[in-house]
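Heads up: the structure comes next, in structure tokens.
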Amino acid sequence: MSALLANMKHTAQAVCDGYEKWEIDAIQVADQVFDVDEKRAALHVFGSASSPVGKYEQEYSWFLTFNEDGTKVKRIEEMIDSAYLAEFFKRLHDYVEGGGGKGEAWAES
């Protein structure tokens, strides 16, 4: 494996690890493809989290563009299930509007 590819894989994993810092319960990479010549990667990812309005589960497609040595991401494009996201945030909005969590959407219920 080339050093560039190793750097790209390491950096892509750091992006996934960063999402878990947002109090997401789990990020699971289902598939990933790296193009060393173009310094790009495509990842198919699933994420889940707990919330006061139920479990949040989302499917993502991430397209990463790396710097010259693959150690930094220059651009992230993310595609998600927007219909699910809209429905989830409506439930979350209704919860907060109803006084749940004392206005804090992610407070423990």
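The values are calculated or read from the model by the stated rules, or taken from the named source; none is laboratory data. It should be emphasised that the depicted structure is a prediction, and the values quoted were computed from it without experimental measurement. Ideal geometry is used to build each Cβ from the backbone, glycine not excepted, and the neighbour counts take in all protein chains shown.
For segment 44-66, the set of residues classified as touching a Ser or Thr at 6+ places or on another chain (Cβ under 9 Å) and within 12 Å of T11 (Cα to Cα) consists of L64, F66, listed by residue number.
For segment 4-53, taking the residues that are at pLDDT 95 or above and touching a helix residue (DSSP H, G or I) at 6+ places or on another chain (Cβ under 6 Å), the one that is surrounded by the most Cβ atoms within 10 Å (Cβ to Cβ) is identified as A41. Reported count of residues in segment 49-83, each being farther than 22 Å from M1 by Cα, over 14 Å from the mean Cα position of the chain (by Cα) and in a loop (DSSP other than H, G, I, E, B), is 6. Among residues of segment 87-109 that are assigned to a loop (DSSP other than H, G, I, E, B), those with a beta-carbon under 8 Å from a residue that is among the hydrophobic types (A, V, I, L, M, F, W, C) and at pLDDT 80 or above at least six positions away or on a different chain give the pairs A105/L92. Residues in segment 54-91 that are on the phi > 0 side of the Ramachandran plot and either modelled with pLDDT of 90 or more or surrounded by 13 or more Cβ atoms within 10 Å (Cβ to Cβ) (or both): G70 alone.
With respect to the conditions (1) under 30 Å from G100 (Cβ atoms); (2) modelled with pLDDT under 90; (3) outside any strand (DSSP E or B), M1 lacks only one, and its number is (1).
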